[in-house]
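Inspection log for the structure reproduced underneath, given as structure tokens.
Laboratory data are not the source of any read-out in this text; all were calculated from the coordinates shown. Keep in mind that this is a model prediction, so the values were computed, not measured. Cβ placement follows ideal geometry from the backbone for every residue including glycine, while neighbour counts extend to all protein chains displayed.
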Ligand SMILES: CC(C)(COP(=O)(O)OP(=O)(O)OC[C@H]1O[C@@H](n2cnc3c(N)ncnc32)[C@H](O)[C@@H]1OP(=O)(O)O)[C@@H](O)C(=O)NCCC(=O)NCCS
């Protein structure tokens, strides 16, 4: 079953949301959402967004600011004559889908929502890439959705990946 995107919506995490029903296949991510996401948000470390389907929590993602080293980006994704060592980026620090809804398109919807948020941000502040330190088993998911793995670190437990927002924003505009 693929859930139509009109049935999904994104809301910012707030105190009082019932998070306890959420169970993804990854215990660390469940623990983060249940115990740390709100605290982290209150401390201005991260912002978490919940994805709701039929009044139930279907997934979430968490964003933080980031930078990415110029030398790690493939040449076609970089800027000629850029005079700094790092590019500005936004990182998907956490992302997960409830395991009962796995394979229903919620993950892709979360990524599109994150792209939308970063596009919006890019109108106010420079941010050219979305970064993620992927779970090894999720690398294929991100690749399918346009992310590139950073070759130098592809053997890490959590391979770093990036999405170049520049062509995406050109298409949107
Ligand atoms: C990875 C995850 C977010 C994917 O969410 P999902 O809702 O199951 O994915 P979708 O249904 O939106 O899948 C979108 C596409 O990606 C593919 N895909 C999904 N998970 C994949 C994976 N682990 N590897 C490769 N491809 C994958 C799907 O087959 C689909 O492709 P298609 O349109 O060609 O059929 C989800 O499985 C999850 O929460 N996993 C546990 C936590 C995790 O690993 N999070 C990532 C943290 S960095």
Note to self: Limiting things to C-alpha atoms, what are the Rg and the maximum Cα-Cα separation (Dmax) for the chain, in angstroms?
What the structure shows: 16.1, 50
Margin query: Tell me the mean residue ellipticity at 222 nm calculated for the chain from its helices only (DSSP H runs of n ≥ 4, each -39500 (n - 2.57), averaged over every residue, nearest 500).
Written below: -6500 deg cm²/dmol
Item checked: Sequence-separation-based contact order of the chain, relative, with Cα cut under 8 Å and 6+ spacing, percent -> 19
Next item on the list: At 0.36 nm per residue, minus the direct Cα-Cα distance, what do residue 80 and residue 64 gain on full extension? Give it in nm, one decimal, please.
Entry: 3.1 nm
Notebook entry, point to check: Taking the alpha-carbon centroid of each part, what is the distance from segment 121-173 to segment 1-29 in angstrom?
Noted result: 22
Notebook entry, point to check: Relative to the longest principal Cα axis of the chain, at what angle does helix 106-122 sit, 0 to 90 degrees, rounded to 10?
Noted result: 50
Next item on the list: Give the peptides 124-136, 84-96, 32-44 in descending order of average Cβ contacts within 10 Å, highest first.
Entry: 84-96, 124-136, 32-44
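Taking every DSSP beta bridge that has both residues in the chain, what percent is antiparallel when rounded to the nearest 5? Don't skip to the end; give the middle numbers.
Working: 30 of 34 bridges.
Percentage antiparallel, nearest 5: 90.
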